[in-house]
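S.K.: Got a structure here, written out as structure tokens. Questions coming.
The values are calculated or read from the model by the stated rules, or taken from the named source; none is laboratory data. For clarity, every value in this text was computed on a predicted model and none was experimentally measured. Counting neighbours? That spans all protein chains shown, and the Cβs are built from the backbone with ideal geometry, glycine included.
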Amino acid sequence: MFYEVFQALALDVKLVALVVVALVIGLAAGYGLAASIGGVGGAVTVTVTPEKKVYSIGLTLPLSGELSSIGKIWEKVVQLAIEDLNNEASAYGFKVEFRSVILDDGTVEEKALQNVQSFAQQGIKVVIGPAASAQVKVVKSYADSNKILIISPSSTAPTLAIPNDFVFRTVGSDAGQARALATLAYYEGARKVVIFHRNDEYGNAFADFFKDYFEDMGGSSSRLAYQTGLSDYASEVATLASRVQTEGADGVILIAFDTDGANILSHAAESDVLSRIRWFISEGPHGAEELLSPTVGQFASKVKLYGTRPLFIANPLYADFKERLVSRFGLEPGVFSENLYDAIKLAGWAILRAGTYDGEAIRSALVVVAKTYYGPSGWTAFDGAGDKAQQDYGIWAIVPGGPKGYQFKDVGLYERNTIIFTEETYK
Amino acid sequence: MINFVQYSFFYLILALPLTLSYRTTKVINFAHANFVTYGAYIAVFLHGIRGSNSMALAAALAFLIVGGIAVLNNIAVFTPLQRRGSSPAILMISSMGLWIAYKYVLYMLTDVAHFFTSKNFVSYGRITYSDVPRMSMAGFDFSQAFVAGMISSALVLVALYLTLEKTKVGRAMRAVADNPTLAGISGIPRGLIINLTWFICGGIVAVGGVIWTSFSGAITPEAGDSMILQIFTVGFIGGLVSLFRTSVGAVLIAGIENIGIAFLNAYFSVPISFKPFLTFATLITTLILFPPLGAGGGLPYRFLRRGARQ
């Protein structure tokens, strides 16, 4: 009996000793690591050396969920942008270091808000993202009341173009892109289309603007909204086919994100009705690897699929950015990658110009910095609502080629209500 | 119509094991969603990393691995909790914990796979398999997913019927489901039977996940999560007890989602975005009308009992 108790105690003592030793080693290692990087904890302005300050930039990115394909590319873009920012700041003689604090928001509104609140608790005043307009809408009031600067690289809903708030967007609103897409569809001969769109802030606003522009041009359209976040859209696509047949439509306008867009196109490829008409797509699914599957690639050729996306197509800085992303990470820049890159650079320079890590001061500085900044996304000056004032649009297609069998290709541009194809795509 | 039949196959394969596992183990298992996703991702990893286009290989591996995971869940989590006298609610909550943990483990695995291959596994395109034919009949073209779903659901139905009705193991499973204590006293190795049930259930669902990769255009680590509403609705229609009623539920929910919403949209202009609402309404109606799985024992059930006491 005593022996058993002794054995049990001995085991416990050994366990406790092991835990204590592990804790001591852990503490020592942690302290050493913290000392080597210049501080402990999530403080925003930390002295690395007596002269060097660390500024944290929060990023709420869609690393999972409906924009996850793009999110994975963006993670690398952040790395590139932060490195460039630090190198440039150092070259200009600033004794500072910028660090990214990345949180996944799952392309979900509530998670984006939680992330921004988490950044606020860490004292972070500048947040890049969230990506989707519905998410920006949810974080907006919290950001405004806590004076946290939100710079979204991809939110495009015109309904969020609100002056004097703390939300900035390094991309033009969809009021412009809807016109580009409507012009493209009309130019390509579509006269009666079904607008198949996400039932959210982005999809609804885009569909509204598209409908107005397309009908002004003389076309006619009807809307079919689908619920977002579903596991599959087969039945929605079947209803779309039925609608196209009933109305005798000659085109579909798809306003989607990555995963829903890929899913819808995969099912549309199985439909005879939907394979006989033209398809035009918003910028959302551009860059998503799922669209490069043989099913979607062949469908794209069959229906001569074209999409629009915010892009300054003849920008040498974009070409350089693309080349660096490909050579460094083996990744093609998906949609809004260049807008994200510029958002991070602008945030960094605005912090430096403000001279103080304060939301209001950085906001004022951001507007000034953006006026004189020119990056891969072009000239970044903001309009009165905090959106990119000058936004150009490119036309993209899915063509055979590349390591995956199909690839995205920028094949034209939209300029002053005119579509210009720079190369022949579908023969 | 083809979608309706296709979804009936899916819901049969995915929901029958939920009912079977609950009635044998008494665990309302939310990690069921992981079984679907892990099955799908075994196929995705085989395709993306190894370049395999064989659905048979993916299905066999998925059955074994996910079946093993289901057994592991039981041995490591459910059985110890049951031994400590945990209530069904605690078991259900623990399964939710597993659900979340497994989901993020999968996200980590996709990141690791991405690191080594530079391919995006967080959202993966449809897989075209080399060992499943497409079929054409009476002017209809049937996809690989349809053929695989039809064969698999037929196999599952026949195998479950034969196992449960004609074999000693099946009789033991039914005995454990009906009265676990009595089954134990009668010499049935209860633990072994429960582990076997988990293995079969996890395996079948994983095969459903593999077939899903030939159907969906975008496979994500949340694939199973976004199907959980439908799977549980189908299971609840079967009262999580009756395999026959679960099968009816599979056909009913597939019908509501594919024919019902199309009908309502065409004739009453009901937006198609109402589809999840219809499924949810069916779930709530089922819970209310069919005690004891209904809310708080089922509302009519409670009223009836109160009336009887008065």
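S.K.: Got a number for residues in the stretch A:90-110 being touching a residue at least 40 places away in the same chain (Cβ under 8 Å), within 29 Å of residue A:257 (Cβ to Cβ) and not in a strand (DSSP E or B)?
M.R.: 4
S.K.: Do we have any residue at all in the stretch A:292-302 that's touching a strand residue (DSSP E or B) at 6+ places or on another chain (Cβ under 9 Å), within 13 Å of chain B (Cβ to nearest Cβ), at pLDDT 90 or above and more than 15 Å from residue A:408 (Cβ to Cβ)?
M.R.: Looking through the stretch A:292-302, at least one residue is touching a strand residue (DSSP E or B) at 6+ places or on another chain (Cβ under 9 Å), within 13 Å of chain B (Cβ to nearest Cβ), at pLDDT 90 or above and more than 15 Å from residue A:408 (Cβ to Cβ).
S.K.: What is the residue count in the stretch A:262-274 for residues that are part of a helix (DSSP H, G or I) and facing chain B (nearest Cβ under 10 Å)?
M.R.: Adding up the residues that qualify gives 8.
S.K.: I'd like to verify a number: residues in the stretch A:69-89 that are touching a residue at least 60 places away in the same chain (Cβ under 8 Å) and either more than 19 Å from residue A:342 (Cβ to Cβ) or assigned by TED's automatic domain parsing to the domain that holds residue A:256 (or both), how many?
M.R.: Residues in the stretch A:69-89 being touching a residue at least 60 places away in the same chain (Cβ under 8 Å) and either more than 19 Å from residue A:342 (Cβ to Cβ) or assigned by TED's automatic domain parsing to the domain that holds residue A:256 (or both): 1 in total.
S.K.: I'd like the full set of residues that are modelled with pLDDT of 55 or more and not in a helix (DSSP H, G or I), limited to the stretch B:260-310.
M.R.: Answer for the stretch B:260-310, where residues must be modelled with pLDDT of 55 or more and not in a helix (DSSP H, G or I): B:269, B:270, B:271, B:290, B:291, B:292, B:293.
S.K.: Is it fair to say residue A:111 is farther than 17 Å from residue A:362 by Cα and either surrounded by 15 or more Cβ atoms within 10 Å (Cβ to Cβ) or not small (Gly, Ala, Ser) (or both)?
M.R.: yes
S.K.: Output the number of the condition that residue B:9 fails; it satisfies all remaining conditions of (1) more than 11 Å from the chain's Cα centre (by Cα); (2) at pLDDT 95 or above; (3) crowded, with 24+ Cβ neighbours inside 10 Å.
M.R.: The failed condition is (2).
S.K.: Checking residue B:40 against (1) crowded, with 19+ Cβ neighbours inside 10 Å; (2) hydrophobic (A, V, I, L, M, F, W, C); (3) more than 20 Å from residue B:200 (Cβ to Cβ); (4) within 14 Å of chain A (Cβ to nearest Cβ): exactly one of these is not met. Which one?
M.R.: It is condition (3) that residue B:40 fails.
S.K.: Continuing with the same structure: Taking residue A:325 and the conditions (1) farther than 26 Å from residue A:210 by Cα; (2) away from chain B (no Cβ under 13 Å), which numbered condition does it fall short on, given that it satisfies the others?
M.R.: Residue A:325 satisfies all of (1) farther than 26 Å from residue A:210 by Cα; (2) away from chain B (no Cβ under 13 Å) except (2).
S.K.: Kindly indicate the residue of the stretch A:237-261 that is without any contact (Cβ under 8 Å) to a residue 40 or more places away in the chain and within 9 Å of another protein chain (Cβ to nearest Cβ) and also farthest from residue A:64 (Cα to Cα) among those meeting that condition.
M.R.: A:246
S.K.: Does the stretch A:304-349 hold any residues that are outside any loop (DSSP other than H, G, I, E, B) and surrounded by fewer than 19 Cβ atoms within 10 Å (Cβ to Cβ), and which are they?
M.R.: Correct list: A:316, A:317, A:319, A:320, A:322, A:323, A:324, A:326, A:327, A:328, A:329.
S.K.: Out of everything in the stretch A:259-278 that is among the small types (Gly, Ala, Ser) and crowded, with 24+ Cβ neighbours inside 10 Å, what residue ends up being farthest from the chain's Cα centre (by Cα)?
M.R.: Restricting to residues being among the small types (Gly, Ala, Ser) and crowded, with 24+ Cβ neighbours inside 10 Å, the top hit is A:268.
S.K.: Related question: For residues that are crowded, with 24+ Cβ neighbours inside 10 Å and within 9 Å of chain A (Cβ to nearest Cβ), scanning just the stretch B:223-253, find the one that is nearest to residue A:71 (Cα to Cα).
M.R.: Going through the qualifying residues, I end up with B:223.
Each row is one residue, and each column tells you yes or no for (1) more than 30 Å from residue A:118 (Cα to Cα); (2) touching a Lys or Arg at 6+ places or on another chain (Cβ under 9 Å).
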site: A:147; (1), (2): no, yes
site: A:152; (1), (2): no, yes
site: A:183; (1), (2): yes, no
site: A:190; (1), (2): yes, yes
site: A:203; (1), (2): no, no
site: A:207; (1), (2): yes, yes
site: A:211; (1), (2): yes, yes
site: A:226; (1), (2): yes, yes
site: A:231; (1), (2): no, no
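S.K.: Also, quick follow-up: Looking only at the stretch A:205-236, count every residue that is away from chain B (no Cβ under 14 Å) and either of a type outside the set (Gly, Ala, Ser) or surrounded by 24 or more Cβ atoms within 10 Å (Cβ to Cβ) (or both) and tell me the total.
M.R.: 11
S.K.: What number of residues within the stretch A:379-427 are surrounded by 13 or more Cβ atoms within 10 Å (Cβ to Cβ), under 19 Å from residue A:186 (Cα atoms) and in contact with a helix residue (DSSP H, G or I) (Cβ under 8 Å, 6 or more places away or on another chain)?
M.R.: Selection size over the stretch A:379-427: 6.
S.K.: Could I ask something else about it? What about residue A:318, is it within 20 Å of the chain's Cα centre (by Cα), in contact (Cβ under 8 Å) with a residue 24 or more places away in the chain and in the same structural domain as residue A:66 (by TED's automatic domain parsing)?
M.R.: No.
S.K.: Something else now. May I ask you to list pairs of residues, at least six apart or on different chains, whose Cβ atoms are under 7 Å apart, with the first in the stretch A:198-211 being closer than 12 Å to residue A:282 by Cα and outside the structural domain of residue A:66 (by TED's automatic domain parsing) and the second being outside any helix (DSSP H, G or I) and hydroxyl-bearing (Ser, Thr, Tyr)?
M.R.: Short answer, once both residue conditions are applied: A:198/A:226; A:198/A:228; A:202/A:156; A:206/A:282.
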